[in-house]
Amino acid sequence: MKQKQNVYVVTSGKGGVGKTTTTANLGVALARLGKQVALVDADIGLRNLDLVLGLEKRIVYDVVDLAEGRCQPRQALIKDKRLSGLYLMPAAQTKAKESVSEEQMERVARSLSSEFDVVLIDCPAGIEHGFRNAIAGADEAIVVTMPEVAAIRDADRILGMLGNRRARIVVNRVRPDMVKSGDMLSVDDVAEILGREILGVVPDDEEIIDSTNRGQPVALDATRRLSGVYSIMARRLLGEDLAAVDVLNDGIWNRLRAILVGQR
Amino acid sequence: MSQDVREQTGLDVASSTELQQNSALETATGPDPSAVKPQQSLPPKVTGRAIVITSGKGGVGKTTVTANLGTALADAGKRVVVVDADVGLRNLDVVMGLENRVRNHSLDVIEEHCTLDEALVRDRMRKSLSLLPAAQDRDKDEMPLDAMQRLVQELQARFDFVLIDCPAGIEHGFRNAIVGAQEAVIVTTPEVSAVRDADRVAGLLPGDMPVKLIVNRIRPHLVKKGTMLNIEDVLDILRLDLIGVVPDDKDVIVATNRGAPVVDIAGSHTGAAFRRIAARMLGENVPIPTLQDRTAWFSRVLSSLRFTRSERG
């Protein structure tokens, strides 16, 4: 039995909802709060966390090298020079996800768990081998979704595959104007459909596109609009009793409810 | 057979022979004369084009592209089937608004629990458009590659276009989605992560497979500000044959939530972009137009764009 329950998998089922962006920014926000944080890219073959963090040129060893014993954790971890306490464990790009076993990933997670305050594992999209690898060593899950029917359906599916792990929801890319006009589900609707606690709510913001392309997570800069959102998310993850900030009012959509509630 | 049963099963598109006999439908869909050869119905002659819609990265718009190109091709008179290859995380049914009509799925067909006709779901609005749903409660590795390949061949004998909606990633589900396809459409967005994954996927497709590129979710004002990659940047990196550029618009979210294709939203720029891509797939020489806000870079890029080759006509 591991001593610390500090390994979180960031997952979603559906791709492109913001797992990597959430992992990077939540990691940055935790490090800004003084925590020692390891971010693990579990998307072997399609890695991107390195790009989002702007650390792609510094990769020497990767998580497959570590899993197979070709290097020590300290050799594979890339220390972020902008922020003390933030480290990246990159994925391999040229290997297949099947090249690492669940047991190996669990060992990687356990070794990082004892060295760091928080370990965040960025899960690949889907529910195949890469997903099983990413959740193998995780104590809890952070399920990222969007207020959109396909993303919620996939989040619901994935919640059923996480075993008895605690899972909290990040509702990403919320557009308050669309919620108001009845074209988007509200955060309350999402919480009710998925039946889990909301960890954070992130409005849709074009700043994210720029920050991804530059490899500069928005949470690094306290003047950015979204920086505060990730800071609140980080503090809630650490157990502080803060509101998750619901920027939305309610709007109920019968068809979506029928689809999403009806399938369970 | 009652009309109701036909509605449920999509039997109007059941076989090429039946199609030939159904003169009303033939007029409605105007099948390509080369596409159906009734004399050779046994064994079925494979004439349709099987095209996989893939991306590597998730959430770039594969399902939206599949549903909208399928709809636009059906409107152009083609017999179209859209195949959801995302076993366990299906969504094409929801995007097309057909989730209440799904009775069986592709694994049922492969495992002979039902016939292909019993699994096909016909579109509500368009007779010549059908969906082959994926199983939701099964795993991707339960679908054998050779069975998937045979299934696609069977569909090619009945439809002019077989559009396969690939799951995200490059695991078994990806291999399954590409195994029966002869052509690929790679969807990307102008973001470094999506472009990197598209590049990786292009390298995993068979070397002789024709590949087209759709750049989805372009936001002209961000490109203008210099915070989004432009089309030229994307093409420089990927070196693929561009078949269309689709602007980002909240019409797509609205359409997805309503279960109606964005091509049906009057005045939607996104919908118009999909219709133009469908025309290019049919070999028409439709120039790739400027987006809503014409910008200096876009005018410059337009002149240097390689227009897509005509494939069939």
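Values quoted throughout were computed directly from the atomic coordinates according to the rules given, and no laboratory measurement underlies them. Predicted model, so just to flag it, every value in this text is computed and none were measured. So basically every Cβ, Gly included, is an ideal-geometry build from the backbone, and we count neighbours across all protein chains shown.
Here are a few things to note about the model shown:
- The residues packed around A:Ser227, meaning those with a beta-carbon under 10 Å from its beta-carbon, carry a net charge of +1 if Lys and Arg are +1 and Asp and Glu are -1.
- Inverting the pair-averaged 1/r between distinct Cα atoms of the range A:7-263 gives 18.2 Å as its Kirkwood hydrodynamic radius.
- Of B:Glu99, A:Glu197, the sequence from fewest to most neighbouring Cβ atoms within 10 angstrom is A:Glu197, B:Glu99.
- Residues whose placed amide H lies under 5 Å from that of A:Val40, excluding near-sequence neighbours: A:Met89, A:Leu120, A:Ile121, A:Asp122
- By the beta-carbon count within 10 Å of each Cβ, the least crowded to most crowded order of A:Ile208, A:Ile169, fewest first, is A:Ile208, A:Ile169.
- Take each residue in A:153-164, count the other chain C-beta atoms within 10 Å of its C-beta, and the mean is 2.
- Modelled spin-label separation between B:Ala266 and B:Asp199, with each label point placed 7 Å from Cα along the Cα-to-Cβ direction: 4.5 nm.
- A cut-off under 15 angstrom between Cβ atoms defines the neighbours of A:Ala31, and their net charge, with Lys, Arg +1 and Asp, Glu -1, is +2.
- Ranked A:Met89, B:Met209, criterion: other C-beta atoms within 10 Å, fewest first: B:Met209, A:Met89
- When each of the peptides B:57-68, A:62-73 is scored by how many other beta carbons lie within 10 Å of its residues on average, the order from highest to lowest is B:57-68, A:62-73.
- Distance in nm between pseudo-label sites at B:Glu183 and A:Asp177 (7 Å out along the Cβ direction from Cα): 3.7 nm
- Beta bridges per DSSP with both ends in the range A:7-263, % antiparallel, nearest 5: 5 percent
- Among A:217-224, B:184-191, the order from most to least packed when residues are scored by Cβ within 10 Å on average: B:184-191, A:217-224
- Computed over the range A:96-198, the percent of Cα pairs more than 15 Å apart is 65.
- Ordering of A:53-60, A:7-14 by packing is A:7-14, A:53-60, highest average first (other Cβ atoms within 10 Å, averaged per residue).
- Here the spin labels are modelled as points 7 Å beyond Cα on the Cα-Cβ line, and at A:Lys4 and B:Lys225 they lie 3.7 nm apart.
- Averaged over B:81-89, number of beta-carbon atoms from partner chains that fall within 10 Å: 3
- Gain on full extension, evaluated as 0.36 nm per residue between A:Lys95 and A:Ala243 minus their Cα-Cα distance, stands at 49.1 nm.
- For B:Ile218, the residues whose modelled amide H falls within less than 5 Å of its own, excluding neighbours fewer than 5 places apart on the same chain, are B:Val246, B:Asp248.
- Shielding of A:204-212 by partner chains, average beta-carbon count, 10 Å: 4
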